[in-house]
Amino acid sequence: MKPLKIGNLTAEIPIIQGGMGVGISLSNLASAVANEGAIGVISAAEIGFLESDFNKKPMAANRRALIKEIKKAKEKSKGIIGLNIMVAMSDYKELVMAAVDNGIDLIISGAGLPLNPAPKEVLKNSKTKFVPIVSSARAAKLIFKYWQRHFNKIPDAVVVEGPMAGGHLGFKNEEIFDDNFKLEKIVPDILKIVKTYERASGKLIPVIPAGGIYTGSDIAKYIKMGASGVQMATRFAATYECDASNAFKQAFVDCKKEDIIIIQSPVGMPGRAIKNRFLENVEKGLKQPYKCVWNCLKPCNGKPLYCIASALYNAQKGFLKNGYAFCGANAWKIDRIMSVKELIKILVDEYKNAA
Ligand SMILES: Cc1cc2nc3c(=O)[nH]c(=O)nc-3n(C[C@H](O)[C@H](O)[C@H](O)COP(=O)(O)O)c2cc1C
């Protein structure tokens, strides 16, 4: 496998472990992945739940918990540690700055267009690499153009997330199962756009597909297409080192293909998750009583049927009666929990056979 190079960062294994909120990828998973030579990613989503004053001071708790998790991950690994932070988070800017100040290697941002991910001087001068997540060539073009014009800088890499991903999806409902929006279709278009910026800047900008990538031979397919690496999340959810409860991981082992459904998230985007009683009730329009305590997401201002942050937090803890697990389209293929080391070895072996 050719290493993944993002500026001066080199990951021997060209795999980014996708950030998983709430609390699914924290320092334990991220450091285990980084120790295997891939890139481990902490999710910033409602990370303040780790702190006892989260209900009283959610933003301060988020910041404190994030700094602690970055420190822990860096203590456990000398490898590359990134942060996934959604543009839709109310305290997006504060958390980005906290991560930069605490030496995070890269920041990966989606769930909205990261047009202004950090102040110009930080974007240009800090050691942290900035990596947007896009789901279309249009979004890629917009971000590259905007950054070029406003910051005289282009993204350090770009994650291309297709419709088979887990969590929130950057697609309309009707696009999710439309072949024209398949990852295999959008990656070449984005490669073309990025190539023009690479030529103009003389800088290499890795394109990193994500969403439904399950085997080493899937990885080989995208590398052959011109990608520099891949981002994978679902497979890392079913590892011993994943920061979620055993019940959460077991939901991945137990689910069948027909259990994996598309839901309408209170955030106003479709998402992919494992069907359960909670989601069936939501589907029937049964409101789950709740009070918005954390005020965590900017778009969550209507009258949603439930609080997504609490639902995902409950799932992380294993209280799946009061929440649900996000998952990628291939989660049903998972039949056991394994270590990160074993997972990476399987992927590398499969890659070698395929390549
Ligand atoms: C449980 C779970 C939680 C996720 N949470 C986030 C998140 O908080 N922010 C984000 O940008 N992506 C999130 N994702 C998307 C992943 O980072 C990743 O890009 C995607 O799931 C890749 O597809 P795969 O799961 O099929 O490998 C999540 C995915 C899963 C499975």
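The values are calculated or read from the model by the stated rules, or taken from the named source; none is laboratory data. Predicted model only: the values in this text are computed from it and were never measured. In this analysis, Cβ positions are derived from the backbone assuming ideal geometry, glycine residues included, and neighbour counts consider all displayed protein chains. All accessible areas refer to the heavy atoms of the entire protein, side chains included, with ligands and DNA or RNA removed. Shrake-Rupley method; radii C 1.70, N 1.55, O 1.52, S 1.80 Å.
Among the residues of segment 1-27, write down those that are more than 13 Å from the ligand (Cβ to nearest atom), of a type outside the set (A, V, I, L, M) and crowded, with 21+ Cβ neighbours inside 10 Å.
The answer is Pro14, Ser27.
Being open to solvent by less than 10 Å² (accessible area, probe 1.4 Å), among the small types (Gly, Ala, Ser) and within 26 Å of Trp332 (Cα to Cα), is that true of even one residue in segment 218-225?
Checked segment 218-225: no residue is open to solvent by less than 10 Å² (accessible area, probe 1.4 Å), among the small types (Gly, Ala, Ser) and within 26 Å of Trp332 (Cα to Cα).
Could you list, in sequence order, the residues of segment 329-343 that are more than 14 Å from Cys242 (Cβ to Cβ) and either within 14 Å of the ligand (Cβ to nearest atom) or at pLDDT below 95 (or both)?
Listed by number, the residues that qualify are Ala329, Asn330, Trp332, Lys333.
Go through (1) open to solvent by 10 Å² or more (accessible area, probe 1.4 Å); (2) β-branched (Val, Ile, Thr); (3) touching a helix residue (DSSP H, G or I) at 6+ places or on another chain (Cβ under 8 Å) and name the single condition Thr196 misses.
It fails just one condition, (3).
Filtering segment 141-171 down to residues that are over 21 Å from the mean Cα position of the chain (by Cα) and not in a loop (DSSP other than H, G, I, E, B), which residue is surrounded by the fewest Cβ atoms within 10 Å (Cβ to Cβ)?
Arg149
Quick one: in segment 199-217, of everything that is within 16 Å of the ligand (Cβ to nearest atom) and more than 19 Å from the chain's Cα centre (by Cα), which residue is surrounded by the most Cβ atoms within 10 Å (Cβ to Cβ)?
It comes out as Gly216.
Only helices (runs of 4 or more DSSP H) wholly contained in segment 232-292 count here; list those with 2 or more residues that are out of contact with any Phe, Trp or Tyr (no Cβ under 8 Å at 6 or more places or on another chain).
246-254, 277-283
Based on this model, can you work out whether Glu241 counts as surrounded by 15 or more Cβ atoms within 10 Å (Cβ to Cβ), in contact (Cβ under 8 Å) with a residue 40 or more places away in the chain, touching a Gly at 6+ places or on another chain (Cβ under 6 Å) and charged (D, E, K, R)?
It is false that Glu241 is surrounded by 15 or more Cβ atoms within 10 Å (Cβ to Cβ), in contact (Cβ under 8 Å) with a residue 40 or more places away in the chain, touching a Gly at 6+ places or on another chain (Cβ under 6 Å) and charged (D, E, K, R).
Could you list, ordered by first residue, the pairs with Cβ atoms under 7 Å in which the first is in segment 76-91 and of a type outside the set (S, T, N, Q) and the second is in a strand (DSSP E or B) and open to solvent by 10 Å² or more (accessible area, probe 1.4 Å), at least 6 apart or interchain?
Ile80/Leu9; Ala88/Leu297; Met89/Leu297
Report every pair of residues separated by at least 6 positions or lying on different chains whose Cβ atoms are under 6 Å apart, first residue within segment 41-68 and under 11 Å from Asp91 (Cα atoms) and within 16 Å of the ligand (Cβ to nearest atom), second open to solvent by less than 10 Å² (accessible area, probe 1.4 Å) and aliphatic (A, V, I, L, M).
Ala44/Leu66; Ala44/Leu83; Ala44/Ile85; Ala44/Leu95; Ala45/Val22; Glu46/Val22; Glu46/Ala309; Asn62/Ile47
Among the listed residues Ile260, Ile308, Ile346, which satisfies the condition of being surrounded by 18 or more Cβ atoms within 10 Å (Cβ to Cβ), in contact with a helix residue (DSSP H, G or I) (Cβ under 9 Å, 6 or more places away or on another chain) and in contact (Cβ under 8 Å) with a residue 24 or more places away in the chain?
Unique residue meeting the criteria: Ile260.
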